[in-house]
Amino acid sequence: MDHDAYRKLSIERWERTASGWGAQRERWSRDTAPVSFRMVELADPQPGQTIVELACGAADVGLLAAELVRPGGRAILTDAAEGMLDLAKARAAELELPGVELKAMDAEWIDLPAASADAILCRWGFMLLADPGASLRDCRRVLRPGGRLVLAAWAPSHENPWQEIAREEVARFTEQPPPTEPAAGVPDMFAWRDPATIATALQDAGFVDPHVEQVDMTLRYDDADDWWDTLLDMSGALYDALVQLTPEQRDELRDAVDARAREASRAEDRLELPARTNVAMAEA
Ligand SMILES: C[S@@+](CC[C@H](N)C(=O)[O-])C[C@H]1O[C@@H](n2cnc3c(N)ncnc32)[C@H](O)[C@@H]1O
């Protein structure tokens, strides 16, 4: 894999998708709240401490932790895409929390002093990086000894039908191999689906006692149209795949995904799709 080409494409996609994430911010924050709460619980922030969030997007997790480091603490919210960081900036301004700092920063090169953070949080970021090992080693450098790293990475795609259905059907129409089990070392939202991959990556970076668990959520939509529009708002890769299809193929694809989504729904009058993530914690 050409790491530099991937980094460029990835950030370009995130910049392009930031307005869609802005449109979906409230719903995403609500539906993913069980993960935010568990991550903050594991990080255990205390008044006066410094916490850092990497690849923060709208910073649901970091802003929750920012409440707990008051008084006197700092929450440093970072993302490589300026458009995504702007979402965190807007939310931080709404909440008027003291001690919140925003910094455009690549998670692979953490521009913070050694041993300066008590906890680092990163929800659904590491498995998307070209070199997650480099990022984890830098996290360890930035954490004080005993400081905690808490991360989330999606569980296998069959436990996340809200994504799997779209990915499988798009792959079928674009005649790509099903992307549900990406090869080792290739950045992908499901690259860290196996808890053992996460534990090994943490140990290889020098972290001790990695603990990995699963957290379940329900993603709620009015109907299949609402789900599909949300996916398109939030996924640059899906959008890029769809533009390769003819209008007829897109119609056929929609019929196929709608039928599968309705089948997977936990509710009849709405669309409620299950989601599962790994959440991991380890000490520096
Ligand atoms: C799936 S989103 C997760 C956003 C947020 N953490 C959440 O849980 O809602 C991935 C985020 O990673 C950011 N990102 C991607 N590559 C990055 C990199 N190399 N360094 C820092 N952030 C990056 C994107 O801009 C985007 O905000």
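The values are calculated or read from the model by the stated rules, or taken from the named source; none is laboratory data. Source: prediction; values computed, not measured. Here the Cβ is made from the backbone with ideal geometry for all residues, glycine too, and neighbour counts use every protein chain on show.
Could you tell me how many of the residues in segment 90-112 are under 29 Å from ALA191 (Cα atoms) and either assigned to a helix (DSSP H, G or I) or of a type outside the set (Val, Ile, Thr) (or both)? Total satisfying the criteria: 10. In the set (1) crowded, with 19+ Cβ neighbours inside 10 Å; (2) over 24 Å from GLU67 (Cα atoms); (3) not hydroxyl-bearing (Ser, Thr, Tyr), the condition left unmet by HIS158 is number (1).
If the condition is being among the aliphatic types (A, V, I, L, M) and either outside any helix (DSSP H, G or I) or crowded, with 18+ Cβ neighbours inside 10 Å (or both), then segment 177-198 contributes ALA183, ALA184, VAL186, MET189, ALA191, ILE198.
Can you tell me how many residues within segment 113-124 are within 16 Å of LEU143 (Cβ to Cβ) and either touching a Leu at 6+ places or on another chain (Cβ under 6 Å) or assigned to a loop (DSSP other than H, G, I, E, B) (or both)? Number of matching residues: 7.
Residue-level check: of (1) without any contact (Cβ under 8 Å) to a residue 12 or more places away in the chain; (2) loosely packed, with under 15 Cβ neighbours inside 10 Å; (3) more than 16 Å from the ligand (Cβ to nearest atom), ALA114 misses just (1).
Among the residues of segment 96-141, the one identified as under 15 Å from the mean Cα position of the chain (by Cα) and on the phi > 0 side of the Ramachandran plot is TRP124. Scanning for something within 19 Å of the chain's Cα centre (by Cα) and assigned to a helix (DSSP H, G or I), does segment 202-216 turn up at least one residue? There is at least one residue in segment 202-216 that is within 19 Å of the chain's Cα centre (by Cα) and assigned to a helix (DSSP H, G or I). Among the residues making up segment 234-275, a single one is surrounded by fewer than 18 Cβ atoms within 10 Å (Cβ to Cβ), touching an Asp or Glu at 6+ places or on another chain (Cβ under 7 Å) and farther than 17 Å from TYR221 by Cβ: ALA256. All of (1) modelled with pLDDT under 95; (2) over 27 Å from SER19 (Cα atoms) hold for ALA241 with one exception: (2). Of the residues that make up segment 153-164, is at least one assigned to a strand (DSSP E or B) and under 29 Å from THR230 (Cβ atoms)? Yes, there is a match, as at least one residue in segment 153-164 is assigned to a strand (DSSP E or B) and under 29 Å from THR230 (Cβ atoms).
In the condition set (1) in contact with a Pro (Cβ under 7 Å, 6 or more places away or on another chain); (2) of a type in the set (S, T, N, Q); (3) under 30 Å from GLY146 (Cβ atoms), THR277 is compliant with all but (1).
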